[in-house]
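Below is one structure, written out as structure tokens; the observations come after it.
The values are calculated or read from the model by the stated rules, or taken from the named source; none is laboratory data. Small disclaimer: the values here were computed from a predicted structure and weren't measured. Here the Cβ is made from the backbone with ideal geometry for all residues, glycine too, and neighbour counts use every protein chain on show. Ligands, DNA and RNA are stripped out before the accessible areas are found, and what is left, the full protein with its side chains, is counted by its heavy atoms. Shrake-Rupley method; radii C 1.70, N 1.55, O 1.52, S 1.80 Å.
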Amino acid sequence: MRKALCSIFGQMLLLAGCAVGAQESAALPELRSLGLDNMSPGIREQIQEAYREARAHLGDDAVCGRLGMVLETYGLLKDAARCYRRAAQLAPSTFRWAYYLGVVEAGEGQCDAAASTLRLSLRLDPNYVPAQLRLASCLLASADWIRSGELYAAITKHHPDNADAYYGLGRVRAAGHDLAGAAEAYRQACALYPNFGAAHYALALVYRALGQVGQAEEQLHLYERDKDRAPPAGDPLFDEVRALNRSATQQIQIGIELERQGRLEESVAAHEKAVEIDSQLVQAHVNLVELYGRLGQFEKAEEHFRTASHLDPGSSEGYYNYGVLLLSAEKYQQAENAFQKTIEIDPFHAGAHNNLGFLLERQGRLLEAEAEYQRAVENKPNNRQAHFNLGRVLVNLGKYEQGIQELEKTIEPEDEDTPRYKYALGAAFARSGDRQNALRYIRQARDGAVALGQSGLVASMERDLHTLEAPRTPQ
Amino acid sequence: MKEKKRVSRSQREEHNRLLGRRSFLQLLCLGLARQIGIPGTAAFANPSSIPLFREAAEEVGLKFHHFTGTIGQYFMPEIMGAGVALFDYDNDGDLDVYLLQGTMLDPTEDPRKAKFPPPPGWKPGNRLFRNLLSETGKLEFVDVTEKAGVGHVGYGMGVAVGDYDNDGFQDLYVTNFGHNVLYHNNGDGTFTDVTVQAGVDDLRWSTSAAWVDYDRDGRLDLFVANYLDFTVKGNKQCYASTGERDYCTPKMYQPVPARLFHNRGDGTFEDVTESAGIGAAIGPGLGVVCADFNSDGWPDIYVANDGAAAHLWINQRNGTFKEQGLLSGTAYNAEGAPQAGMGVAAGDFDDDGDEDIFKTNLTNEGGNLYVNDGRANFYDASAEFGLLQPTVPYTGFGTDWLDYNNDGYLDLFIANGAVNRIESLRGSPYPFHQNNQLFRNEGDGKKFREMTGVAGPALALSEVSRGAAFGDVNNDGAIDVVVANNNGPARLLLNQTRSLNHNHWLLVRLEAANGNRFAMGAKVEVRLRGRKLLRRAHTDGSYLSANDVRVHFGLGDSAKIEKLTVFWPDGRGEEWDRVDADRMVTIRQGTGRSLRGPG
């Protein structure tokens, strides 16, 4: 097994050998000075420091390579590549410089160059799996199916637990229209890493091509669940580059990712770190309003709202998040003001219109509430809650036909909220005097609620059904 | 998200120069190969001295400079526009040009205070340029905006062209960041703003729009893509990875819904967004193209969303649509990742009788080539056809399939320009410029060949291109391109390949009998030597722009078409035998041999 892997790398390294020769004879790339004026101070200092070090030790591959890493982490790829190229020439036997250079070249869409560089790196360390995967991916992007497939196959043989390699193998097979083979590889990738969004997506498309629509839809459902998830890269060298990033925006990105995973406290910590780096970063404060609100820390949320609105009085999101916070704290008048302010800045903010409608409705200002719900629906026609609210208020205004039309839009898709929406629709029919449809929808709602174990809702529905089903007194 | 990785201009130029040399040699070899081995295509002649395209805007009077009104606040609309239309507004047989203009986003500000003030002689508002070709025999444009009454002063984004009232004159729908405008073509060289009475205004940030007769009642309906809930008052501060101020990504704002307006036939429209199902999915829409993707005879709608899943609205043939982007395989790229979709093109590039899609995206993403199996099941074949790697370094916008060399294969043009600062252009006053790209379809399932490097100086221009409109501006049988640059001059790329080869061509103007006068959506099929070429009458696609509605065919070395078939938008089909090449023909519904059964 191992022999096969070595044989494939051997073929590739033959080509890499030429590249080494060419590089050895080339002149060292100069270290270019950069215009750093507008960068944020922390980043500028970090780059300047790395640059000074590199200039002071022109023959030192480590400091030159480190400058490349710093530049790469801030997206300055061309300059990073130059540093890596120089470092690789200074230390031709050091794996990481060639690897980093290959990664940057691949990222810039120069797959031919990247493939050549990655082959060179694999000559220095044939066992670094992330480099093997990146090379295979580059070959795939260049439509070199054969070599890419061989490489992925070799990785799966050597590392049968590598989901990425199976996924890549599936893509190569799919490109070659070997659908059964592709499905097999994708299934293996999903088995190894069940939350592998991209593999579920790819498997869905293969099932679709095979005419297996049910299985395709099942896989698409899994993809929707896991669309942002992939196996851990397991690339410590690349992690080192990422770890150099000291920007506030990077911290926000980390915080957003943590929030997505439901890790709210860690998300707060990342956002607070962003604020520590750059206290003027409005987005960090705006996000913290929401995060602290969800954690029930009202005072902290309010503090960040004040900072955000001071820094950027035009942040509709800041006002909206604050409004939601106030609403949850039952500070209705202040919440109303916050939503009004949101709408003043962003008249298309569906959420603010919806919440404002709710606040107006609870004050009995039904016509104004209707108008707000209407605007919420116009700006987000697929907002089920807004349709529900609009339908409900229309029914309360005696506009049964319009109200029922709105409520009918809420009964799909089937999920845990559907019984509640069907119940509301049934009740609207009941109020309009349409007993038959009222019974129909409330029964459907009850059956749904029973299936979902929503006992409180079931009891309420049973009571209404009992009333509706009772024989009517002759007039 | 920000553009994570930047591309060096000098590196790219160096790459293109190298590519240019390499491709030139390959071009010579290929020309020879075609001469001896591949039927249907004449050989290239003297490719060394004549560029494929020549930039001629100013020379022919197409003097237009796009103004963004930027004052350094990084308002998103500044970097997104604008578009251009190629259409024959006066029905004199040649293509006129309509260009969208920006203004100060804060109307109280003086344009002279803008970071890039307008050039001397600049006129505010959109501009209509009349082509004098038919009148004088010379390609020359004159600005007729004031006379025509189409100089709307707003923050112009896009334009859609279609004859919504079937009076035989094409009308204009103009999208803006702000109120949109419907200009009715009066047929006497003037237009009237009928937005309010027609009921097609939209206050949201509208981008591309398309006229489409989705219910096949003979009247063009209107689809309007909307983008984000950005407002000047709510402008957010965004930063590049280095901490420098930059334009925000679409993720910083909420998407706003597209709208579908049904044409009632009395000059008014009904907003059917919700009842038609279009409101079921919302995305930050940019590019729109309408075509019959599942080959059922009814037009579907594909929308490129920026940083989100693209939407494929499949026509349910009952006045409603279902969004099937995910299952169709056109929502995401091959890896199931959403991309920053900008421009779109639909066309049968692989000659298998269905509409394939090309979508332009952000730097580092590469374009998507979605190959159709005829039933609206697609797969992303951008790597397979060589369109992935060459497009990765660019942010693509306007695009379309065009047979630029009349060899019978649909080639591809992409207008490029970044939306976030390009790191390697640090120090440049407007660090977003990139060169546009041209790809030649080598046919028979082969990879596309990038021709940018050998296309001549016009394709070496590095600008911030957005809209691109395609059509035969000088009626010489070769497709030209008008490129609308952001914060720069409009460009007219005149196709020079008629001097380079002897390939034949045909330009077809359709006249439908049962409404939808210009037969938008009709499929025209040409049979020659065992090949079937399928093209669609359309003005939509690309980015914020409208194309020549005439249907163009490159015919290689075939001087005669064995059979020409038209599948009209009302579902009927007709055919004509032995049509001569190298001319423009008008084909009227009802003058051909009927095909059995509806299409």
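For a straight C-alpha distance cut-off of 24 angstrom, the lysines reachable from B:LYS446 (same-chain residues fewer than eight places away being disregarded) are B:LYS359, B:LYS532.
Any of A:LYS341/B:LYS236; A:LYS380/A:LYS409; A:LYS331/B:LYS233 with alpha carbons more than 18 Å apart? Name them for me.
Values: A:LYS341/B:LYS236 16 Å; A:LYS380/A:LYS409 13 Å; A:LYS331/B:LYS233 26 Å.
A:LYS331/B:LYS233, as the Cα separations exceed 18 Å there.
Note on B:LYS63: lysines with a C-alpha under 18 Å away, same-chain residues under 8 apart excluded, are B:LYS123, B:LYS138, B:LYS147.
Given R0 = 35 Å, the distance between the Cβ atoms of A:PHE298 and A:GLN363 translates into a calculated FRET efficiency of 0.90.
Within the stretch A:398-475, list the GluC sites (Glu not before Pro) lying in a DSSP loop whose Cβ has at most 15 other Cβ atoms in a 10 Å radius. Each step should come with its number before you reach the end.
Numbers: sites: A:GLU401, A:GLU406, A:GLU408, A:GLU414, A:GLU416, A:GLU462, A:GLU469; in loops: A:GLU414, A:GLU416.
Here the sparse-neighbourhood loop sites are A:GLU414, A:GLU416.
In the stretch B:205-358, carbon and sulfur make up what percent of the accessible area (probe 1.4 Å)? C and S fraction of accessible area: 45 percent.
Magnitude of the charge dipole for the stretch A:57-124, about its Cα centre and with charges confined to Cβ atoms of Lys, Arg (+1) and Asp, Glu (-1), is about 140 debye.
For chain A, which span is the longest to avoid every loop-located (per DSSP) member of trypsin sites (Lys or Arg not before Pro) having at most 13 other Cβ atoms inside 10 Å? Kindly include the intermediate steps, with their values, before the conclusion.
Values: sites that count: A:ARG32, A:ARG472.
Between the exposed loop sites, the longest stretch runs A:33-471.
Counting helices only, and only those DSSP H runs with n ≥ 4, report the 222 nm mean residue ellipticity of chain B as the sum of -39,500 (n - 2.57) divided by its residues, in deg cm²/dmol to the nearest 500. Can you show the working numbers first?
Details: 6 runs with 50 residues, N = 599.
Roughly -2500 deg cm²/dmol at 222 nm, from the helical runs in chain B.
Quick one: grab the alpha carbon gyration tensor of chain A, order the square roots of its eigenvalues as a ≥ b ≥ c, and give me rounded if a/c is under 1.5, else prolate or oblate depending on whether a/b is larger than b/c. Here chain A falls in the oblate category. Averaging 1/r across all pairs of distinct Cα atoms in the protein assembly as shown and inverting the result yields a Kirkwood radius of 30.8 Å.
Taking a point 7 angstrom from the Cα of B:ASP201 along the C-beta vector, which residues in the stretch B:167-195 have backbone N less than 15 Å away? What the label zone holds, given the 15 Å backbone N cut-off, is B:174-183, B:193-195. When chain B is described by a simple charge dipole with +1 on each Lys and Arg Cβ and -1 on each Asp and Glu Cβ, the residue from B:VAL549, B:ALA455, B:PRO569 located farthest towards its positive end is B:ALA455. Taking every residue in B:251-262 and counting other chain Cβ atoms within 10 Å of its Cβ, the average works out to 3.
Computed from Cα positions, the angle between helix A:264-277 and the longest principal axis of chain A comes to roughly 60 degrees.
Positive end of the dipole of the stretch A:411-475 (Cβ unit charges, origin at the Cα centre): among A:LEU468, A:GLN454, A:ALA427, the Cα lying farthest that way belongs to A:LEU468.
Taking a straight line from the alpha carbon of B:LYS563, these aspartates and glutamates sit under 13 Å away, with near neighbours fewer than eight places off in the same chain left out: B:GLU525, B:GLU574, B:GLU575, B:ASP577, B:ASP580. Estimated from helices alone, the mean residue ellipticity of chain A at 222 nm is -24500 deg cm²/dmol (sum of -39500 (n - 2.57) over DSSP H runs with n ≥ 4, per residue). Rounded to the nearest 0.05, the FRET efficiency derived from the C-beta distance between A:LEU58 and A:ASN127 at R0 = 25 Å is 0.20. Taken residue by residue and averaged, Cβ atoms of other chains lying within 10 Å of the Cβ of A:72-80 number 6. Here the 3J(HN,Hα) profile of the stretch B:394-403, calculated from phi with Karplus coefficients 6.51, -1.76 and 1.60 at θ = phi - 60°, is 10, 9, x, 10, x, 7, 6, 7, 8, 8 Hz, Gly and Pro shown as x.
Overall form of chain B: rounded. Here a/c, set by the Cα gyration tensor axes a ≥ b ≥ c, is under 1.5. Measuring between their Cα centroids, the stretch A:94-144 and the stretch B:390-440 lie 26 Å from each other.
Would the stretch A:129-246 count as rounded, prolate or oblate if I go by the C-alpha gyration tensor, calling it rounded below 1.5 in a/c and otherwise prolate when a/b exceeds b/c, oblate otherwise?
Details: a/c = 2.12, a/b = 1.34, b/c = 1.59.
Oblate, because a/c is 1.5 or more while a/b does not exceed b/c.
For the stretch A:276-316 versus the stretch B:199-246, the spacing of their alpha-carbon centroids is 29 Å. For chain A, the longest principal axis of the alpha carbon atoms and the long axis of helix A:145-158 meet at an angle near 90°.
Between the Cα long axis of helix A:77-90 and the first principal axis of chain A there is an angle of about 30°, rounded to the nearest 10. Sparse packing (at most 11 other Cβ atoms within 10 Å of the Cβ) combined with a DSSP loop state is found for none of the GluC sites (Glu not before Pro) in the stretch B:413-484.
Here the stretch A:301-458 is assigned +1 on the Cβ of each Lys and Arg and -1 on the Cβ of each Asp and Glu. Its dipole about the Cα centre then comes out at about 660 debye.
Give, rounded to the nearest 20 debye, the magnitude of the charge dipole that chain A has about its Cα centre when Lys and Arg contribute +1 at Cβ and Asp and Glu contribute -1 at Cβ. Before the final figure, lay out each step's value.
Working: 51 positive and 63 negative charges, 178 e Å.
Computed charge dipole of chain A: roughly 860 debye.
Within 10 Å of the Cβ of each residue in B:329-336, the mean number of Cβ atoms contributed by other protein chains is 6.
The phi torsions of the stretch A:91-106, fed into the Karplus equation with coefficients 6.51, -1.76 and 1.60 and a -60° offset, translate into couplings of 10, x, 9, 8, 4, 4, 5, 5, 5, 4, 4, x, 5, 5, 4, 4 Hz, rounded to whole numbers, with Gly and Pro shown as x.
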